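J.: Have a look at this one.
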Amino acid sequence: MKTKVLTSVWLLLFFLLGPLFHCAMPAAAEMAAGKPPVMLRFGIHVSEMGNLDPHFAAGSQDRALADMVFNGLLRYQPGNAPKIEPDLAEQIPGFEMIGGQQVWTVKLRKGILFHPGPQTASYELTADDVAFSLQKSARREFCAYAGEYEGMTVSPVDRYTVRITVEKPVSSILFLPKLTNYAGGFIVSKRAIETMGYERFKRHPVGTGPFVFSQYTSGEKLVLRAHDGYFRGRPQLDGVEFHFIPEIDRREAAIKAGRLDVIMGSGEKGWPEKMAHEPGIAVDTHGVGEVATIYLNTRMKPLDDIRVRRAIAFALNREAFLDTVSKQFVGSVYSPVPAQFLPGGLTQTEAVSLNLAYAQDLAKARQLMVDAGYPDGFRLDLVTSEKRLYRTYYEVMQRQLSSIGIDCRITVATHSNMHKQIRRTLTPIVIYVAWRPNADAYLSQFFHSDAIVISGAKPDTNFSHYDKVDQLIEAARLEIDPQRQTQLWVQAQIRILDDMAAFPIMFTKQCYARRTSVDYGHPLVSTMALYPQFTEKTRMKLNR
């Protein structure tokens with residue numbers, strides 16, 4: 001009798017309070033029904049989270065968290081990026097010209113609920129939250145991608161309508177990605193941030209997504225719970241657990257033993273094929289193809305000498321980088337914008353015809369070092385991430401540059417600390433792996449002078465400290481003729497490559513292994529979130 005009374009009390013509390021305090025209810029409801037909660041256990045390849053504020057999401061672990069906890073006005077279709085569809089907005093907005101200004105009007109869906117926070121109950125999303133979020137994204141102290149959102153005036157028209165006025169008109173292909181579930185486009189809870197303060201929000205994010213933040217223990221685990229009030233329907237999973245396991249052999253052992261359900265895999269030669277033969281395990285590869293590029297600091301001695309930068313380029317061999325990864329995941333890239341995926345890049349044929357492919361030529365590299373006054377080479381102090389892919393890139397570069405006398409001393413840092421260090425300290429060479437949704441994003445964030453780390457007007461990821469293509473980038477951004485716009489992007493990259501501000505290496509697709517009991521709930525072609533995406537449709541068979 002006592003057990004029945006307790007069960008009835010649990011169920012009564014669930015139905016009465018669930019809509020307001022559902023972050024803990026799923027597990028309670030399952031326990032009351034005598035069933036353990038269905039938690040997807042996700043093994044990731046880093047030792048800790050970087051930043052829980054979605055507007056600072058840079059590492060893949062941060063992007064995965066943001067993808068599950070938050071929404072954008074628009075979203076990249078799960079598993080099928082870069083196709084865009086409505087998310088919090090009722091439809092994809094169009095624009096009109098009013099008084100010489102470009103105005104975009106966004107209509108919001110009604111009835112969308114924010115998660116409850118530590119000091120706030122669940123409440124309905126309104127235009128005030130959208131305006132607050134996009135205004136936050138325009139401030140560099142609150143967003144790593146602020147440069148993309150400056151020059152936008154965001155005003156609520158009524159409870160469910162937002163008007164966005166753009167100072168300088170841009171094409172839809174450049175504007176709409178700013179409103180997606182990516183970079184600064186995530187919509188955060190105004191009430192939660194104003195009530196508990198921004199510093200606490202960074203430890204307890206509050207959004208509208210399919211999963212609710214529950215807890216985080218650094219170096220061990222992060223737990224999300226199902227959002228019962230999710231506007232697309234309650235998730236079929238009761239939650240997701242992030243397990244921080246940098247070592248691939250430990251992740252591999254855990255998924256084989258059934259202690260994990262999905263893991264970040266390895267593109268190392270032979271690993272995908274080996275895992276595909278394991279009973280009960282499937283290996284998935286998907287886009288986007290993140291681009292690895294070597295950025296050379298054009299203002300830091302001795303790399304401020306173009307002869308040294310070109311010597312480095314001629315000392316490198318792309319094939320050596322490609323040989324470290326299974327061929328099914330990679331391909332060479334010859335311009336900062338990958339021509340295989342986006343308009344505005346240079347193909348291998350085009351780069352060769354322009355003498356910008358920089359095929360390995362050690363004799364030329366050594367002569368350039370002599371001409372620059374460094375016949376015996378020099379030492380460079382660099383930092384890499386703990387992630388295998390980053391470490392491998394730096395080790396390959398280290399071996400190749402040693403052939404022309406350059407001694408690279410490499411320090412390994414946690415992935416989140418690597419991101420902090422390369423943005424806060426002057427570094428001669430940075431290898432960075434990234435995907436961006438269009439050529440403007442690549443060029444603006446990595447090569448516009450405003451984006452120079454530390455000293456730029458809007459510091460972002462210009463690790464080259466390069467300032468020679470601002471006018472081309474800005475002209476392309478304002479160009480509404482797609483063909484002319486593409487030509488301007490190409491011109492900018494010809495200058496970048498000629499100055500050897502950056503050496504594009506290769507693209508790498510994503511590799512994940514899962515128990516066959518896991519069904520992602522969507523086709524897996526390409527994702528902007530850099531993981532397979534766990535949504536309200538993701539499900540698991542009970543017999544793991």
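The values are calculated or read from the model by the stated rules, or taken from the named source; none is laboratory data. Computed from a predicted structure; not experimentally measured. Here the Cβ positions follow ideal geometry from the backbone for every residue, glycine too, while neighbour counts run over all protein chains shown. Ligands, DNA and RNA are stripped out before the accessible areas are found, and what is left, the full protein with its side chains, is counted by its heavy atoms. Shrake-Rupley method; radii C 1.70, N 1.55, O 1.52, S 1.80 Å.
J.: How about the stretch 388-416: which of its residues are open to solvent by 30 Å² or more (accessible area, probe 1.4 Å) and either under 21 Å from THR508 (Cβ atoms) or among the hydroxyl-bearing types (Ser, Thr, Tyr) (or both)?
T.: Passing the criteria: ARG388, LEU389, ARG391, GLU395, GLN398, ARG399, SER402, SER403, ILE410, THR411, VAL412, THR414.
J.: While we're here: Being among the aliphatic types (A, V, I, L, M) and surrounded by 24 or more Cβ atoms within 10 Å (Cβ to Cβ) narrows it down to one residue among ILE494, ILE480, ILE505; which is it?
T.: One residue alone meets the criteria, ILE505.
J.: Only one of THR425, THR411, THR349 is free of Cβ contacts under 8 Å to residues at least 40 places away in the same chain, β-branched (Val, Ile, Thr) and either touching a helix residue (DSSP H, G or I) at 6+ places or on another chain (Cβ under 7 Å) or over 30 Å from SER47 (Cβ atoms) (or both). Can you tell me which?
T.: After ruling out the rest, the residue left standing is THR349.
J.: Within the set of pairs 6 or more residues apart or between chains, which connect a residue that is farther than 8 Å from GLN510 by Cβ and in contact (Cβ under 8 Å) with a residue 12 or more places away in the chain inside the stretch 264-291 to a residue that is among the hydrophobic types (A, V, I, L, M, F, W, C) and surrounded by fewer than 14 Cβ atoms within 10 Å (Cβ to Cβ) with Cβ atoms less than 7 Å apart?
T.: Every condition considered, the pairs that remain are VAL283/ALA276.
J.: State whether one or more residues within the stretch 312-331 are acidic (Asp, Glu) and crowded, with 16+ Cβ neighbours inside 10 Å.
T.: no
J.: Taking the residues in the stretch 525-540 that are touching a Gly at 6+ places or on another chain (Cβ under 7 Å) and either of a type in the set (Ser, Thr, Tyr) or modelled with pLDDT of 95 or more (or both) as candidates, determine which candidate is farthest from TRP435 (Cα to Cα). Even if it seems obvious, please write down each step before you answer.
T.: Of the stretch 525-540, the ones touching a Gly at 6+ places or on another chain (Cβ under 7 Å) are 525-527, 533, 535-539.
Those still in the list that are either of a type in the set (Ser, Thr, Tyr) or modelled with pLDDT of 95 or more (or both) too: 526-527, 533, 535-539.
Values: SER526: 12, THR527: 10, GLN533: 16, THR535: 22, GLU536: 25, LYS537: 26, THR538: 25, ARG539: 28 Å.
Checking each candidate, the answer is ARG539.
J.: Only one of LEU74, LEU113 is open to solvent by less than 40 Å² (accessible area, probe 1.4 Å) and in contact with a strand residue (DSSP E or B) (Cβ under 9 Å, 6 or more places away or on another chain); which?
T.: LEU74
J.: Could you tell me whether LYS178 is within 21 Å of LEU530 (Cβ to Cβ) and either buried (at least 18 other Cβ atoms within 10 Å of the Cβ) or touching a residue at least 40 places away in the same chain (Cβ under 8 Å) (or both)?
T.: Yes.
J.: Would you confirm, using the coordinates I've provided, whether ARG379 is open to solvent by 40 Å² or more (accessible area, probe 1.4 Å), in contact (Cβ under 8 Å) with a residue 12 or more places away in the chain, more than 30 Å from GLN510 (Cα to Cα) and in contact with a Cys (Cβ under 9 Å, 6 or more places away or on another chain)?
T.: yes
J.: I want to confirm something. Restricting to the stretch 302-311 and keeping residues that are open to solvent by 10 Å² or more (accessible area, probe 1.4 Å) and either assigned to a helix (DSSP H, G or I) or in contact with a Phe, Trp or Tyr (Cβ under 9 Å, 6 or more places away or on another chain) (or both), which single residue is nearest to LYS468 (Cα to Cα)? It would help to see each step written out before you state the result.
T.: Filtering the stretch 302-311 down to residues open to solvent by 10 Å² or more (accessible area, probe 1.4 Å) leaves 302, 304-307, 309-310.
Narrowing the set further to residues that are either assigned to a helix (DSSP H, G or I) or in contact with a Phe, Trp or Tyr (Cβ under 9 Å, 6 or more places away or on another chain) (or both) leaves 302, 305-307, 309-310.
Values: PRO302: 19, ASP305: 15, ILE306: 14, ARG307: 17, ARG309: 16, ARG310: 17 Å.
Among those residues, the one meeting the criterion is ILE306.
J.: Filtering the stretch 172-194 down to residues that are over 24 Å from PRO210 (Cβ atoms) and under 23 Å from the mean Cα position of the chain (by Cα), which residue is modelled with the lowest pLDDT?
T.: So in the stretch 172-194, the residues over 24 Å from PRO210 (Cβ atoms) come out as 172-175, 194.
Then keep just the ones that are under 23 Å from the mean Cα position of the chain (by Cα); that gives 172-175.
Numbers: SER172: 87, ILE173: 82, LEU174: 88, PHE175: 92.
Ranking the candidates gives ILE173 first.
J.: Further, regarding this structure: Quickly run through the stretch 15-48 and pick out the residues that are at pLDDT 95 or above and open to solvent by less than 10 Å² (accessible area, probe 1.4 Å).
T.: Selection gives LEU40, PHE42, GLY43, ILE44.
J.: Right, something else. Among the residues of the stretch 448-477, what is the count of those that are hydroxyl-bearing (Ser, Thr, Tyr), open to solvent by 10 Å² or more (accessible area, probe 1.4 Å) and in a loop (DSSP other than H, G, I, E, B)? Can you show your working first?
T.: Kept after step one, since they are hydroxyl-bearing (Ser, Thr, Tyr), are these residues of the stretch 448-477: 449, 455, 461, 464, 466.
Filter once more, keeping what is open to solvent by 10 Å² or more (accessible area, probe 1.4 Å): 449, 455.
Filter again for in a loop (DSSP other than H, G, I, E, B), leaving 455.
Qualifying residue count for the region: 1.
J.: Among the residues of the stretch 77-97, which ones are open to solvent by less than 10 Å² (accessible area, probe 1.4 Å) and either on the phi > 0 side of the Ramachandran plot or in contact with a Pro (Cβ under 7 Å, 6 or more places away or on another chain) (or both)?
T.: GLY79
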